[in-house]
Amino acid sequence: MAEVSEQTILAGLGEIVEEIVGVPAADVTPEKNFIDDLDIDSLSMVEIAVAAQDKFEVEIPDDELKNLRTVQDVIDYVQGLAAKA
Amino acid sequence: MSRTKVVVTGLGASTPLGGDVASTWSALLAGESGVSTLPWDNLDTLPVKFAAQAAVEPADSGVLAKPRLRRMDRSQQFALIAAIEAMKDAGYGYGEEGGLTVDPDRLGVVVSSGIGGLHSALDNYDVYREKGWRRVSPFTVPMLMPNGSAAHVGLEFNATAGIHALVSACASSAEAIGYGIDMIRSGRADVVIAGGTEACIHPLQMASFGAMRAMSTRNDAPELASRPYDKARDGFVLGEGSAILILESEEFARARGAKINAIASGVGYSADGYDMVQPPEDGSGQAKAMQRCLKDAGLEPSQIVHVNAHGTSTPAGDVAELNGIKLALGEQAHKVSITATKSMTGHLLGGAGALESLITILSLREGLVPAVVNLENLDDAVDLDIVHGEPRKLPDGPAAALNNSFGFGGHNVTVAFERAL
């Protein structure tokens, strides 16, 4: 896949989080921790991950999910996959 | 020691007649029908093409935000919306508005569904078949489990005395009210959010109840289809929605100066021991539930002025219940006014007992019994006083009423209420 900019991922992730848990997209900033800062529960996190996979056309294995604690973690992960591709 | 008296301090509902209690009640008094043709494109494939759909879509109620709704089954959405209305009606604070709260350890929840999250189960099965397991919502299990509504209500109000969901088909939410009364009597809770919900207007249910030949097939005139006690009745009409009561110990309610809608006097249970889906013609099993209810409530048949019947508009069921009322009340059976409000609301299955208990409470409180609609030619087998034409005024002063709910499986539940004076 082509390289995706941090801004694109951030904006896409914001849309997903707003749609799924109702947290305003503007609050989804890189330093935020999904559980502690955005109050997202474990089942919603699964839903967000699946939506992110569809949106960014990447595969996020279940084992990897627990490592994606902050918004920046997701950005790095998606960009890392893009770089490898 | 005298037994703890239980009172009803709050009411909430989302029904085919209205999105709340006030609109539902005024539609009942006006004799409106909540039944209409379904807006589906596969009606040609179904034996029954109509139902009593909720008057207000959960998303349009303004009570719950979209992200909340998407992780709840439709049946759970109705239950939570009704529970919030009921708690506010009882004078409890809610959400950011703040206000009076209950000690969580003294707050219980009993909210039933007869079927559970049918839409969620089937929708996600479709997702699985079309897109694979990874696309199935991680909320599918809490959305389809029959205790999901009780759990959502319990979490919303932080009820830690216990959360329960009794299941007995169309008697489920009458049983929920009975269990709620018992929680308070036994000292487990001071306040219980009790009721039921259902949302299973889905092609599978139209097909499966249709396959049982249990539903009306009056496809050319849906609003005339639910017609208890009428000669031309041909089955029940499926409905959806929820009704919730706030039950409290009288002492607790009076101490906080709560408004008291009625006294929840008692409950009686029985099982027919006869057939999976048919009652015996003489209504003897149902009579036992009514008699046990009177005993539990400490009431004599002569004190009963009104019965809100299960009356689903099935040819056999309506008459069997009237036979049961005669067995249970004796001479008094001919003096009580009887209504069957499913003629307007359709049959809410697991939500029916709670909705009709709520209507019974309002009938006592307001002194008015809604009339059965579509009753054009009374069945020859009916010799009791069925309210029709217009609402019936109840006598002033002390009055008690019964609400009957019966479920597939042979479950019979009767709940008694008395007017608060």
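So the values come out like this:
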quantity	calculated
Options B:96, B:85; residue that is out of contact with any Cys (no Cβ under 7 Å at 6 or more places or on another chain), of a type outside the set (Ser, Thr, Tyr), touching a residue at least 12 places away in the same chain (Cβ under 8 Å) and farther than 29 Å from residue B:203 by Cβ	B:85
From the options B:21, B:35, residue that is under 23 Å from residue B:111 (Cβ atoms), crowded, with 20+ Cβ neighbours inside 10 Å and at pLDDT 95 or above	B:21
Residue satisfying condition, being closer than 23 Å to residue B:179 by Cβ, among the polar types (S, T, N, Q) and either buried (at least 24 other Cβ atoms within 10 Å of the Cβ) or within 14 Å of chain A (Cβ to nearest Cβ) (or both), within set B:137, B:113	B:113
Tally of residues being outside any loop (DSSP other than H, G, I, E, B) and within 30 Å of residue B:91 (Cβ to Cβ) across the range B:12-42	15
Residue B:213, sole failed condition from (1) more than 25 Å from residue B:371 (Cα to Cα); (2) at pLDDT 95 or above; (3) surrounded by fewer than 19 Cβ atoms within 10 Å (Cβ to Cβ)	(2)
Extreme residue, nearest to the other protein chains (Cβ to nearest Cβ), among residues of the range B:153-173 that are in contact (Cβ under 8 Å) with a residue 60 or more places away in the chain and surrounded by fewer than 24 Cβ atoms within 10 Å (Cβ to Cβ)	B:156
Among (1) under 20 Å from residue B:198 (Cα atoms); (2) free of Cβ contacts under 8 Å to residues at least 24 places away in the same chain; (3) within 14 Å of chain A (Cβ to nearest Cβ) - the single one residue B:39 does not satisfy	(3)
Unmet requirement for residue B:124, which otherwise passes all of (1) within 14 Å of another protein chain (Cβ to nearest Cβ); (2) in contact (Cβ under 8 Å) with a residue 60 or more places away in the chain	(2)
Within the range B:50-65, tally of residues that are part of a loop (DSSP other than H, G, I, E, B) and either touching an Asp or Glu at 6+ places or on another chain (Cβ under 9 Å) or within 13 Å of another protein chain (Cβ to nearest Cβ) (or both)	7
Where residue A:43 falls short, out of the listed (1) within 14 Å of chain B (Cβ to nearest Cβ); (2) surrounded by fewer than 16 Cβ atoms within 10 Å (Cβ to Cβ); (3) farther than 18 Å from residue B:66 by Cα; (4) not β-branched (Val, Ile, Thr)	(3)
Considering residues of the range B:110-152 that are out of contact with any helix residue (DSSP H, G or I) (no Cβ under 7 Å at 6 or more places or on another chain) and among the aromatic types (Phe, Trp, Tyr) only, the residue nearest to residue B:64 (Cα to Cα)	B:125
Criterion violated by residue B:68 - all others in (1) of a type in the set (Lys, Arg); (2) surrounded by 18 or more Cβ atoms within 10 Å (Cβ to Cβ); (3) part of a helix (DSSP H, G or I) satisfied	(2)
Qualifying residue in the range A:10-18 (condition: acidic (Asp, Glu), at the interface with chain B (Cβ under 10 Å from one of its Cβ atoms) and either surrounded by 15 or more Cβ atoms within 10 Å (Cβ to Cβ) or touching a Phe, Trp or Tyr at 6+ places or on another chain (Cβ under 9 Å) (or both))	yes
Test result for residue B:335, within 20 Å of residue B:14 (Cα to Cα), in contact with a helix residue (DSSP H, G or I) (Cβ under 9 Å, 6 or more places away or on another chain), among the basic types (Lys, Arg) and not assigned by TED's automatic domain parsing to the domain that holds residue B:113	no
Residue ranges of helices (runs of 4 or more DSSP H) in the range A:2-85 with at least 2 members farther than 24 Å from residue B:140 by Cα	A:6-21, A:71-84
Some residue of the range B:72-81 being polar (S, T, N, Q), part of a loop (DSSP other than H, G, I, E, B) and crowded, with 18+ Cβ neighbours inside 10 Å	no
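The values are calculated or read from the model by the stated rules, or taken from the named source; none is laboratory data. Everything quoted here is computed from the prediction, not taken from an experiment. Glycine gets a Cβ as well: all are built from the backbone with ideal geometry, and neighbour counts include every protein chain shown.
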